[in-house]
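Laboratory data are not the source of any read-out in this text; all were calculated from the coordinates shown. No experiment lies behind these values; they were computed from the predicted model shown. Neighbour counts run over all protein chains shown; Cβ positions are idealised from the backbone, glycine included.
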Amino acid sequence: MSSSEPAVVLRDLRVAFGKVQVVDGVDLTLERGQAIALIGESGSGKSVTLRAILRLFPEGRSRIEGQILAAGRDVQALTKRQLADFRGGDVSMIFQEPLLAFDPVYTVGRQITEAILRHETISKGEARERALALFERVRIPSPERRLDNYPHEMSGGMRQRAMIALALSCRPQVLLADEPTTALDATVQIQVLLLLRELQRDLGLSIVIVTHDLGAAVEVADRIAVMYAGRIVETGTAHQVVLDPHHPYTIGLLRSRAEGALAKGSRLQTIPGSPPDLANRPPGCPFAPRCFLAEERCRREMPPVAEIAPGHRVACWRTEEAASAYRAGPTPVRAAEPVLA
Amino acid sequence: MSVIPDGHDPFARDRGGPAQPLLSVSGLYKHFPVRKAGGKKQVVRAVDGVDFDVLKGETLGIVGESGCGKSTTAKLLMGLIERDAGGLLYDGQAVGERAMPWRSYRREVQMVFQDSYASLNPRMTVEQSIAFGPKVNGVPGREAVERARALLARVGLEPRRFAGRYPHEISGGQRQRVNIARALALEPRLVLLDEAVSALDKSVEAQVLNLLLDLKAEFGLTYIFISHDLNVVRFISDRVMVMYLGRVSEIGPSDAVLDAPAHPYTEALMASMPSLDPDNRTAVALLAGDPPNPIDPPSGCRFHPRCPLAEEVCGVTEPPLDGIRPLHRVACLARQPGSGHARAPNPALAA
Amino acid sequence: MTAPVTAASMALDGGLLTADDAAPEGAFVSSRGFWGHVGHRLVRDPVAMGAGAVILLVVIVAILAPWITPMDPYKGSMLRRLKHVGDATYWLGSDELGRDMISRLMLGARLSLFIGVTPVLIAFVIGSGIGVLAGYVGGWTNTILMRTIDVFFAFPSVLLAIALSGALGAGIFNSIVSLTFVFVPQIARVAESVTTGIRRRDYIDAAKLSGASALTIMRVQVLGNVVGPIFVYSTSLISVSMILASGLSFLGLGVRPPEPEWGLMLNTLRTAIYVNPVVAALPGVCIFVVSIAFNLFSDGLRAAMEIRQ
């Protein structure tokens, strides 16, 4: 992959399971060496989007349309054999629960060396050297000893690091992370987030992280894409999305965080209603039923994607009103300073 | 405090007056034996000497990471597991003794669990689940169902649409509202919320938090709010208690504890919260490694192997939970005058 | 008291807003319920429905037998012994004493079904009781109960049935007793394991917190959740029971002649197997068909209960 090519390109990605359209037209570009976060709640389609990049869905029960380019390859066009090399070699993934990624019957070191040997032809000793180096890079203390640990013998944070090591063992260019820190304790979570940032910097890794935690997204990612009902509603740099949101859903998300409360004991601003029914999509904007700015046009027509600033794209009919509504009310991030346009 | 409009005084059942803590816990211990392959008997010291009070009408937040003992403490407070040692006083009366048998205590103290789905019987409708408690306590069937429906309405679920539903037919946030309604069905004064909002989407979490605040005000409830999310705890709690490896490391008013933490562990916890400011991201993690296992806690202060302020005396003496300011207690030798720690304040200067 | 809950106030704080939640004014939405869903799924399972139809047919025949047999099942004729299938008078042939096979098979269904189903029914009640109690209470009660059960479990069922029948003597009542003894341990085991599986669930903890007694919790909260799997397992035992009962009759330990019972008929027709193999095999075919039907139905029931919404 040339250095000018983006790491990941998704064009009008659509994924359906049976009759339910889970991802409904996602456009995403991730430049090389950058990190982007997909933020959303349950049913937003963020995990499905991620897994589509690795074609992790059974062919029979899912329908994937649109273009998926990752590490310079057209994922849809790969043969089974090429796909096996692609996974791990070009694009790799880490998950929320490390225990699920590891086989409990083999030591962690053995699983990593096996993964390396499957992708490259080097000696076993060299593979183990690489595994050791990986463990050092992910900051696992006493790495020599830990290579011979079984997964259940490691603590949660260490297992997560081991999983990152496994994911990086075959030198992928893109790392996909599906809620990697959700199940971790707070003090461990921040360590893993910093590690991801460090790996991005040192290895030139391109990262796509899926999370529901805005804080985790800001810590790791340069760009943030907010998803709702299978579509990206707002995308931009972390700075743009968090400090200058232009979509009512983004604003709702920011404001419903507990830090957003003006005074202790006062009520939180909430997004009314519940997540959308993906099987019965309305004709217009999927967020309209819950939107405080919704009008007739929103319910009838799907809003276009507008570029309101370089790199800052929003899918809404009323972006200006949204932005001013946000500035007029509580702004949870850096509430003391005026918001930059 | 009745859900059915009756105009009960929320404090009609009060005994000791506002100054007496609603719940008083002293010297709580719970150890679990563990048999490792190899025959060596080990003990998980899940709760290893915990003292605290819960004042009437307050929300006490309990925070901590894995292995700190907060979930075990919750189960001990509810009597779901039996404590090895320790006193439990409810409004001045010893729980489990004649004046306050467990059955009476259970009418005063209720709990909401983290897993909204596992907390509801999959074979019972929503209203049956809520009405179960009152029915078991002598409320006639029809009245219990009426009460269940009134509670459903009060937690924001329209009875007509929800009473006959099964748990798998409603969403996580709705289920948690049902759990809250169920907890309130027995008209308790104290509600223990064990990570009750942790598994919910953020927007749903906000709705449920608002609901909890409303209910607290309306029914004069006292809350114990266990969570790992410091932001939520800060928002909802009046006082907060930080636990580490089975003991209390700091307890005090939530703003004081979270804005100006006295204990190094609390400080590390606060620092580990991800930054929301893209221009000011966290540069370094204050703590390395994972929270330790309560099987073999370190000698002396349990936090000393990871503490940036640790000195020799910390490995020897277990710091007591002492007050450093009014209402703010900390178990750290560096903050206690005359403890032998280099940073300890001068006893002569400490008022 | 609070302001009336209107749709507007609810929308403000996250009630529900999906299309399928619309309910007509004044009506309470009631769900199908668990068994409703099971029934709904079962009805769409052709195999299970076919098997169910067969069972139903046999049961109806068994009930109506005394009135619908074409001939007297007890009246034999030495001249017309062992007629073959397709005979003008005896459509399915006649047995070794000249009695009409159709009539005997129809009447035999009564006893065979009765001896097949009754022990399982009784064992279901007793076994569930023991198993649920042991599973819920745990501790020493569990150990004592379940290890005692294990002693019985150690014997192969056939051996146990024969031994008990032998000790008690022949006869329908004694067969039922001995078969019940065979099945109680098996059902108790399943009951105990299912109950232990849900004992630690949060909703059981929540029920404990409401101050309910152990008995109440078992009755209201636990039973509803365990009865399903235990019931399915028990229905799968019916076929075993029928075969064991026939075996006992075959050995002379169960039903006594001249009562028609499929297993007994197999025994008495044994000697005719070279002369008239088809007729001799007929009672066996009946046992086979009904056993399979019960098995298939029980499988369908299990599948219907497994799928979650």
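Remarks
- Fraction of antiparallel bridges per DSSP, chain A only, in percent to nearest 5: 60
- The C-alpha atoms of chain A define a longest principal axis, and helix A:186-203 lies at about 70 degrees to it.
- Springs between Cα atoms under 10 Å define the GNM used for chain B, and in it the highest mean-square fluctuation of B:Gly138, B:Gly61, B:Gly69 occurs at B:Gly138.
- Inter-chain Cβ neighbour average for residues B:282-289, partner chain, 10 Å: 5
- Residue among A:Pro104, A:Pro275, A:Pro286 with the largest mean-square fluctuation in a Gaussian network model of chain A, springs linking Cα atoms under 10 Å: A:Pro104
- Value in Å of the Kirkwood radius, where the protein assembly as shown supplies the Cα pairs that are averaged: 33.0
- Among C:Gly131, C:Gly169, C:Gly108: highest mean-square fluctuation, GNM of chain C, C-alpha pairs under 10 Å: C:Gly169
- Kirkwood hydrodynamic radius (C-alpha pairs) into Stokes-Einstein, chain A, 4 °C and 1.567 mPa s, D in µm²/s: 61
- Mean separation of Cα contacts under 8 Å (6+ apart) over length of the stretch A:246-328, as relative contact order %: 29
- Among the residues of B:207-214, the average count of other protein chain beta-carbon atoms within 10 Å of the residue beta-carbon is 5.
- Calculated translational diffusion coefficient of the stretch B:209-351 (37 °C, 0.692 mPa s; Stokes-Einstein with Kirkwood radius over alpha-carbon pairs) equals 196 µm²/s.
- Helix A:80-89 axis versus longest C-alpha principal axis of chain A: approximately 90°, rounded to the nearest ten.
- In the stretch C:62-162, the chymotrypsin sites (Phe, Trp or Tyr not before Pro) that fall in loop regions by DSSP, at most 15 other Cβ within 10 Å: C:Tyr74, C:Trp91
- Projected-area average for the stretch B:110-178 over all orientations - Cα convex hull basis, square nanometres: 4.4
- Cα pair distances exceeding 35 angstrom across chain B, given as percent: 28
- Simple spin-label estimate for C:Leu223 and A:Arg11 gives 6.5 nm between the two label positions (7 Å along the Cα-to-Cβ direction from each Cα).
- 14 Å beta-carbon shell around C:Asn267, net charge (K/R +1, D/E -1): -1
- Set the Cα radius of gyration of the stretch A:1-150 against 2.2 N^0.38 Å, with N its number of residues, and you get 1.20.
- Neighbour count of at most 13 Cβ within 10 Å plus DSSP loop: longest GluC sites (Glu not before Pro)-free window in chain A: A:60-294
- Rounded to the nearest 0.05, the FRET efficiency derived from the C-beta distance between B:Leu80 and A:Ala133 at R0 = 30 Å is 0.05.
- Anchor B:Lys70: lysines whose Cα lies under 25 Å away (excluding residues fewer than 8 positions away in-chain): A:Lys264, B:Lys30, B:Lys36, B:Lys41, B:Lys56, B:Lys202, B:Lys216, C:Lys208
- Exposed-site-free run, longest, chain C (rule: trypsin sites (Lys or Arg not before Pro); DSSP loop; at most 11 other C-beta within 10 Å): C:76-199
- GluC sites (Glu not before Pro) within the stretch B:36-90: DSSP coil, no more than 13 neighbouring Cβ in 10 Å: B:Glu82
- Where trypsin sites (Lys or Arg not before Pro) fall in DSSP loop in the stretch B:78-187, at most 10 other Cβ within 10 Å: B:Arg98
- Structural descriptor for chain A: relative contact order 19 percent, calculated from alpha carbon pairs under 8 angstrom and at least 6 residues apart.
- Counted as membrane-span-like here are DSSP H helices of chain C whose alpha-carbon atoms extend 18 Å or more along the helix's own axis and whose Kyte-Doolittle mean is 1.0 or above; these are C:46-68, C:101-137, C:172-199, C:223-250, C:277-306.
- Antiparallel content of DSSP bridges confined to the protein assembly as shown, in %, to 5: 60
- For chain B, DSSP calls about 60 percent of its internal beta bridges antiparallel.
- Global form of the stretch A:246-328, assessed from the alpha-carbon gyration tensor, a/c cut-off 1.5: oblate
- Estimated inter-spin distance, A:Glu59 and B:Phe32, nm [label 7 Å along Cα→Cβ]: 4.6
- Histogrammed with a bin width of 10 Å, the alpha carbon distances of the stretch B:38-187 distribute as 10, 32, 31, 21, 5, 1 percent, first bin at zero.
- Using all pairs of distinct alpha-carbon atoms, the Kirkwood hydrodynamic radius of chain C works out to 22.6 angstrom.
- A:Ser256, B:Ser198, A:Ser142 arranged by Cβ crowding within 10 Å, fewest neighbours leading: A:Ser142, B:Ser198, A:Ser256
- Counting charges near A:Leu69 (Lys, Arg +1; Asp, Glu -1) among other residues having Cβ under 10 Å from its Cβ returns a value of 0.
- A crude spin-label estimate for the pair C:Tyr74 and A:Glu321, with each label 7 Å from Cα along the Cβ direction, gives 9.2 nm.
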